[in-house]
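*Asks:* Please see the structure below; I have some questions.
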Amino acid sequence: MGLTWRGAELLAERTGDGRFAWTSLERLLDGFARTVRGVDAGELEDALLDLPTEPDPALAARGRCAALAEVIERESGTPFPAPAGQLRESVKAVFRSWRSPRAVAYRRHKGIDERLGTAVVVQTMVFGNRDEQSGSGVAFTRDPSTGARGAYGDFLFTAQGEDVVSGEHDTDPLPVIADRLPEVYRQLTDVFDTLERHTRDLCDVEFTIESGRLYVLQTRVGQRSGRAAVALAVDLVDEGVITEAEALDRVTDEQLAAASAPRFTGEPPADALLARGLAASPGAVTGRAAFDAERAQRLRADGVDVVLLRPTTSPADLPGVIASVGVVTGRGGRTSHAAVVARGMGRAAVCGVGELVVARDRRSATLAGRPLVEGDEISVDGDRGVVSLGHRDASTATTTDPALARFLGWQRTHRPAATPTPTPTPMTTPTARGSA
């Protein structure tokens, strides 16, 4: 925020890096157009597709900036503003977002009070796209899908945070930082340890490295699957961090029901295997294929269990994720929008399965070269990262998960009136088993 055409020229002169300056303005223009002015993504993509090929990265980015600025003025009726106007419009856009359909749908699903409102944070920018010693990442201090010890996350060199979470790029695991910037990686793991000790919980951390310097942008107690919630609570008791009674308070009824849901016990038949990807959110679900958030909602309204398959997901797909029992994406890592939202919503998810092309009518698609049509029965194994065709049988979780068995034992000891073996919620019926 605050960069202008003249500002990009001066930034290029000052840094001697035209690519950095113009790609930074390009990111601002693109985000401003979509989020603040509400320009349709298709209009932006069409404008960029028509540009001539330019081998120089700086000149190519400058050309894209000109095209984006033209679309903003044409589609919204007002030119891209000066810094003060950028800030003013952006603040208003944040407040407007509280009433957006996807925000309303999320609050309704999570039971969040409509009267709370939202806030705007304004802070100094750091640049993960600055140079080869820069990058951005999203991490959890433990695996949010399983609760396993050890940092877990995604990182991209020469990139900003949206590149990591958008699902548009295939990310790298955190240890790639150690190969290029070992001291920064040590600092990062020290930060993770400090945060866990302070919160006594799993933490979600967003960070940027600019020219070899680490910046922690944001941290919070991380969302986790039901299975991870139980495993983490048991591990923290074993580590002496919390008591058994506190462990019981850490796991909601919904999470416990999800952790108790059945799981696929092995591999699908070879002829039914569609794709393998990243195990982004655990669960064993079977549903009918849908390739569009709106279609997923319609099918769910008709009582159909749905698996949403998308090349990648954006916040606009949230209503479709809510309507589905499972999510599959062609691109994206385990901290992408799709993966994080699926875990928080209790949906099994497999991300990064490879080429997933949806037809223009949104009624058919190809996954790894195999044709699919809306309504095909799809099984999603969010524990193994496997997508297959047809229905699969699953086994009871309480017979296969030692952490869950211990947790239920504590529940019987400390809360004998509690239900000893939770049953899955209506969204996780025998033919649509999911986890939170």
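The values are calculated or read from the model by the stated rules, or taken from the named source; none is laboratory data. Bear in mind the structure is a predicted one, so any value in this text is a computation, not a measurement. Reconstructed Cβ throughout: ideal geometry from the backbone, glycine too, with neighbour counts over all protein chains shown. We work out accessible area using only protein heavy atoms, side chains counted, and drop any ligands, DNA or RNA first. Shrake-Rupley method; radii C 1.70, N 1.55, O 1.52, S 1.80 Å.
*Asks:* Could you tell me what percent of the accessible area of the chain is made up of carbon and sulfur, with a 1.4 Å probe and every protein chain present?
*Replies:* So the carbon and sulfur contribution to the accessible surface is 52 percent.
*Asks:* Hey, can you rank 202-212, 100-110, 268-278 by average C-beta count inside 10 Å, highest first?
*Replies:* Numbers: 202-212: 19.9, 100-110: 14.4, 268-278: 16.5.
Descending packing order for the listed peptides: 202-212, 268-278, 100-110.
*Asks:* If packing is taken as the mean number of other Cβ atoms within 10 Å per residue, what is the order of 344-351, 316-323, 127-134, highest first?
*Replies:* Ranked from most to least packed, the peptides come out as 344-351, 316-323, 127-134.
*Asks:* Here's something else I'd like to know. For the chain, what is the accessible area per residue in Å², given a 1.4 Å probe and the full set of protein chains? Don't jump to the answer; show the numbers that get you there.
*Replies:* Values: 20240 Å² over 436 residues.
Value returned for the chain: 46 Å² of accessible area per residue.
*Asks:* Take the Cα atoms of segment 188-232, find their three principal axes, and give me the spread along each one in whole Å, biggest first.
*Replies:* Ordered largest first, segment 188-232 gives principal extents of 39, 18, 13 Å.
*Asks:* Stokes-Einstein D for segment 232-359 at 20 °C, 1.002 mPa s, Kirkwood Rh over Cα pairs, in µm²/s?
*Replies:* On the way: Rh = 15.8 Å.
Estimated via Stokes-Einstein, D reaches 135 µm²/s.
*Asks:* Where q = 0.16 Å⁻¹, what log10 of I(q)/I(0) comes from the Debye formula for segment 155-194, counting one point per Cα?
*Replies:* After summing over all Cα pairs, the log10 values are -0.45.
*Asks:* Now a separate question. Using DSSP to call loops (not H, G, I, E or B), can you name the trypsin sites (Lys or Arg not before Pro) in segment 144-245 whose Cβ has at most 16 other Cβ atoms within 10 angstrom? Numbers along the way, then the final one.
*Replies:* Numbers: sites: Arg149, Arg180, Arg186, Arg197, Arg200, Arg213, Arg220, Arg224, Arg227; in loops: Arg200, Arg224.
Within segment 144-245, the qualifying trypsin sites (Lys or Arg not before Pro) (loop, at most 16 other Cβ atoms within 10 Å) are Arg200.
*Asks:* Give me the Å³ per residue figure for the convex hull around the C-alpha atoms of the chain.
*Replies:* 160 Å³
*Asks:* Okay, moving on. If you wrap a convex hull around the Cα atoms of segment 17-149, how much volume per residue is inside, in Å³?
*Replies:* Expressed per residue, the convex hull around the Cα atoms of segment 17-149 is 188 Å³.
*Asks:* Rounded to two decimals, what is Rg over Rh for segment 1-58 when you use alpha-carbon atoms and the Kirkwood radius? List each step's numbers first, then the result.
*Replies:* Working: Rg = 12.7 Å, Rh = 12.5 Å.
My calculation of the ratio gives 1.02.
*Asks:* Here is a further query. Search the structure for amide H atoms under 5 Å from the amide H of Ala348, placed 1.01 Å from N in the peptide plane, and list their residues when 5 or more places away or on another chain.
*Replies:* Excluding prolines and chain starts, which carry no amide H, the hits are Val327, Ser435.
*Asks:* Along its three principal axes, how long is segment 338-411 when you only count alpha carbons? Whole Å, largest extent first please.
*Replies:* Over segment 338-411, Cα extents along the principal axes are 53, 26, 19 Å.
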